[in-house]
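Structure first, then comments.
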Amino acid sequence: MAALSIGPFHAALTSKGACAWLGDGMNPVQWPAGWTIVFAPTPRLLDDHGTVVAREGERVGVQGGGIETTAALDAGRCGSSGHPWVFMAEGSVGAYPSPRGR
């Protein structure tokens, strides 16, 4: 089942590696193969061609869906979300400007 996740892009470098998510909580996102996070000068998400697709705080959306996995809990890069699932991003990331008045 496909879903759309929308929120501000955030990233942090933890003791277990890079963590990037959308929204207020550090809920795990599995980005497509070959995508990377860079932190200098500010956090950015790059696709498999090295193109910047999201910058820290930018409101973006990505299609995908939730998958159950123990890997989400084992990896722990984003901390313990308390959920045995991750959002698996598929395809491109697009800009989603904030609605007026927010």
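The values are calculated or read from the model by the stated rules, or taken from the named source; none is laboratory data. Given the structure is predicted, the values throughout are model-derived calculations rather than measurements. Counting neighbours? That spans all protein chains shown, and the Cβs are built from the backbone with ideal geometry, glycine included. Ligands, DNA and RNA are excluded from the accessible area calculation, which covers all protein heavy atoms including side chains. Shrake-Rupley method; radii C 1.70, N 1.55, O 1.52, S 1.80 Å.
Points worth noting:
- Note on the stretch 37-68: among residues that are open to solvent by 70 Å² or more (accessible area, probe 1.4 Å) and within 11 Å of Phe87 (Cα to Cα), the one that is modelled with the highest pLDDT is Gln63.
- Applying a threshold of 7 Å to beta carbon distances and a minimum spacing of six or more residues, or different chains, the list of pairs starting in the stretch 16-36 at a residue that is touching a residue at least 40 places away in the same chain (Cβ under 8 Å) and open to solvent by 40 Å² or more (accessible area, probe 1.4 Å) and ending at one that is among the basic types (Lys, Arg) and assigned to a loop (DSSP other than H, G, I, E, B) reads Lys16/Arg77.
- Yes/no for Ser80 being open to solvent by 60 Å² or more (accessible area, probe 1.4 Å) and modelled with pLDDT under 60: yes
So that you can scan it fast, the table gives a plain yes or no per residue for (1) farther than 11 Å from Ala89 by Cα; (2) in contact with a helix residue (DSSP H, G or I) (Cβ under 6 Å, 6 or more places away or on another chain); (3) part of a strand (DSSP E or B):
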| position | (1), (2), (3) |
| --- | --- |
| Ser5 | no, no, yes |
| Phe9 | yes, no, yes |
| Trp21 | no, no, yes |
| Asp24 | yes, no, no |
| Asn27 | yes, no, no |
| Pro41 | yes, no, no |
| Ala54 | yes, no, yes |
| Gly65 | no, no, yes |
